[in-house]
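Right, one structure below, let's go through it.
The values are calculated or read from the model by the stated rules, or taken from the named source; none is laboratory data. The model shown is predicted, which means the values in this text are computed figures rather than measured ones. Using ideal geometry, Cβ is built from the backbone for each residue, glycine included, and neighbour counts are taken over all protein chains shown.
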Amino acid sequence: MENIKIKSLGPIKEADINFGDLTFFVGPQASGKSIVLQLIKLLMDRAEIERMLKKYGFVWSQNSRNNLELFFGEGMADLWTERTDVLFDGINYPLNFLSSVKGYPQEQRDYEELLYIPADRVLCLSNGWPRFFNDFDESAPFVLREFSELLRLYLETGALDRDTWPFGTAVDDIYLGGQIMIDRQKRKRLMLEINGAELPFMTWSSGQKEFFPLALSFDILAPFEPRRLSHVNFIIVDEPEMGLHPAAIKSVILQIVGLIKRGYQVIVSTHSPVLLEFAWAFNILKTEKAPAAAFDSLFDIDGNDKSNSFFDKNLIKKNINTYYFNRVDGQVIVKDISSLDAGNEDLAVSEWGGLSSFASKANDIVATIAANNG
């Protein structure tokens with residue numbers, strides 16, 4: 001996956017995105033980030049999407065607009081207009097691509113190559129257990145249905161050959177040192193065991209609820225070092241920071257970096273400045289040819305043992321790109337802000353797509369007042 005060019009798709013007026021090993025999307029709500037992410041999934045796994053929808057009783061037909069709604073959700077049929085132009089890795093994809101996959105790379109595959117972790121992933125869990133693919137109303141996008149089914153099948157087939165998930169010390173703060181377990185006595189449901197007490201899903205905090213499907217998907221993608229899913233090469237994570245404290249977000253970043261280390265190419269949509277702080281620091285350290293220990297220090301990893309550094313030479317060579325979905329006069333133009341240069345005259349770059357604008361303004365005001373009072 002190298003590049004996507006889009007014109008006139010939903011709110012997107014124009015986008016020209018070059019993908020790095022890790023690519024960040026930033027921008028305000030309803031600026032089209034999730035639309036572009038879902039489009040990438042559709043272009044990458046079109047044949048497998050049709051197969052799965054048909055498996056669960058949906059009618060994938062020669063009507064491209066009907067198929068558009070099946071994938072993006074009810075009410076999204078007009079997302080793609082006569083003016084829409086989509087070029088993905090040098091191949092043009094017209095609307096009728098949705099009615100026939102013949103002649104495209106996906107035609108030869110019978111598996112999905114991209115795993116999509118949606119922002120509204122907590123909706124997958126109903127009363128402490130992942131919902132069935134068909135247990136959503138018509139407005140639900142395909143990526144939410146598929147993700148829920150992935151979690152459900154993973155838990156029910158016992159792929160881990162265990163019934164508890166401590167998720168390691170990195171997320172102890174989220175679960176207070178406890179572990180997730182499956183209660184199988186009456187019906188299958190997730191429980192949080194802390195100090196001998198077993199807490200049902202509805203009593204968990206919002207952060208604990210939000211984090212579990214994300215953490216479980218990381219477990220699926222990277223079960224044991226250095227293994228990975230053989231058929232998946234690309235991962236999309238939509239708003240991984242949902243409901244999490246900054247310290248927990250840092251742990252999530254490390255999980256994402258671990259996926260890149262395994263060879264996955266990852267795209268992340270975020271509203272959190274913490275993730276861009278990492279991208280900014282990583283790129284500067286890389287430019288300055290900093291030692292691996294400096295990268296490890298970002299995550300409080302003991303980098304004294306060079307032979308056991310998490311950020312090895314191959315990981316340090318990875319590329320991180322950042323794109324800002326900038327809404328202008330009701331339309332969105334996607335802009336490359338990968339330098340994240342705080343001294344850049346372009347505010348889109350220097351303020352990281354608006355994520356650091358309040359902090360910058362607050363610093364300026366406080367500094368001015370302090371100077372005047374001094």
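For residues that are at pLDDT below 90 and among the acidic types (Asp, Glu), scanning just the stretch 138-162, find the one that is surrounded by the fewest Cβ atoms within 10 Å (Cβ to Cβ).
Looking at residues that are at pLDDT below 90 and among the acidic types (Asp, Glu), I get Asp161.
Just one of the numbered conditions (1) within 23 Å of Gly73 (Cα to Cα); (2) more than 24 Å from the chain's Cα centre (by Cα); (3) not in a strand (DSSP E or B) is not true of Phe132; which one?
Here Phe132 clears every test but (2).
Looking at the structure I just gave you, is Ala119 assigned to a loop (DSSP other than H, G, I, E, B) and in contact with a strand residue (DSSP E or B) (Cβ under 6 Å, 6 or more places away or on another chain)?
yes
Applying the selection to the stretch 163-181, what residues are touching a Gly at 6+ places or on another chain (Cβ under 9 Å) and either modelled with pLDDT of 85 or more or of a type in the set (A, V, I, L, M, F, W, C) (or both)?
Within the stretch 163-181, just Ile174 meets the criteria.
Scan the helices (runs of 4 or more DSSP H) fully inside the stretch 235-320 and keep the ones with 2 or more residues being over 16 Å from the mean Cα position of the chain (by Cα) and in contact (Cβ under 8 Å) with a residue 24 or more places away in the chain.
Passing ranges, in order: 246-261, 273-287, 313-316.
Report yes if Phe72 is out of contact with any Lys or Arg (no Cβ under 9 Å at 6 or more places or on another chain), hydrophobic (A, V, I, L, M, F, W, C) and under 25 Å from Pro213 (Cα atoms), otherwise no.
Answer is yes for this residue.
Can you tell which of Leu275, Leu285 is at pLDDT 90 or above, within 18 Å of Ser338 (Cα to Cα) and surrounded by fewer than 20 Cβ atoms within 10 Å (Cβ to Cβ)?
Step by step, each of Leu275, Leu285 is checked, and only Leu285 is at pLDDT 90 or above, within 18 Å of Ser338 (Cα to Cα) and surrounded by fewer than 20 Cβ atoms within 10 Å (Cβ to Cβ).
What pairs can you find where one residue is in the stretch 345-358 and at pLDDT 90 or above, the other is not in a helix (DSSP H, G or I), and their Cβ atoms are less than 7 Å apart, with a gap of 6+ or different chains?
So the pair list comes out as Val349/Ile337; Val349/Ser339; Val349/Leu340; Val349/Asp341.
Is there a residue in the stretch 91-103 that is touching an Asp or Glu at 6+ places or on another chain (Cβ under 7 Å) and either among the polar types (S, T, N, Q) or buried (at least 18 other Cβ atoms within 10 Å of the Cβ) (or both)?
No; the residues of the stretch 91-103 include none that is touching an Asp or Glu at 6+ places or on another chain (Cβ under 7 Å) and either among the polar types (S, T, N, Q) or buried (at least 18 other Cβ atoms within 10 Å of the Cβ) (or both).
Matching residues to (1) basic (Lys, Arg); (2) in contact with a strand residue (DSSP E or B) (Cβ under 6 Å, 6 or more places away or on another chain); (3) surrounded by fewer than 15 Cβ atoms within 10 Å (Cβ to Cβ):
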{"site": "Val232", "(1), (2), (3)": "no, yes, no"}
{"site": "Asp238", "(1), (2), (3)": "no, yes, no"}
{"site": "Ile260", "(1), (2), (3)": "no, yes, no"}
{"site": "Ser269", "(1), (2), (3)": "no, yes, no"}
{"site": "Trp280", "(1), (2), (3)": "no, no, no"}
{"site": "Lys289", "(1), (2), (3)": "yes, no, yes"}
{"site": "Ala293", "(1), (2), (3)": "no, no, no"}
{"site": "Phe299", "(1), (2), (3)": "no, no, no"}
{"site": "Phe310", "(1), (2), (3)": "no, no, no"}
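Could you tell me which numbered condition Val334 fails, if it satisfies all but one of (1) outside any loop (DSSP other than H, G, I, E, B); (2) modelled with pLDDT under 85?
All conditions pass for Val334, except number (2).
Name the residues in the stretch 119-133 that are modelled with pLDDT under 90 and in contact with a helix residue (DSSP H, G or I) (Cβ under 8 Å, 6 or more places away or on another chain), would you?
Across the stretch 119-133, the qualifying residues are Asn127, Gly128.
Take the stretch 41-97 and flag every residue that is assigned to a strand (DSSP E or B) and more than 23 Å from Ile236 (Cβ to Cβ).
Of everything in the stretch 41-97, those that are assigned to a strand (DSSP E or B) and more than 23 Å from Ile236 (Cβ to Cβ) turn out to be Thr81, Glu82, Arg83.
Can you tell me which residue within the stretch 59-82, out of those that are farther than 29 Å from Val266 by Cβ and either aliphatic (A, V, I, L, M) or modelled with pLDDT of 95 or more (or both), is surrounded by the fewest Cβ atoms within 10 Å (Cβ to Cβ)?
Top of the filtered list is Val59.
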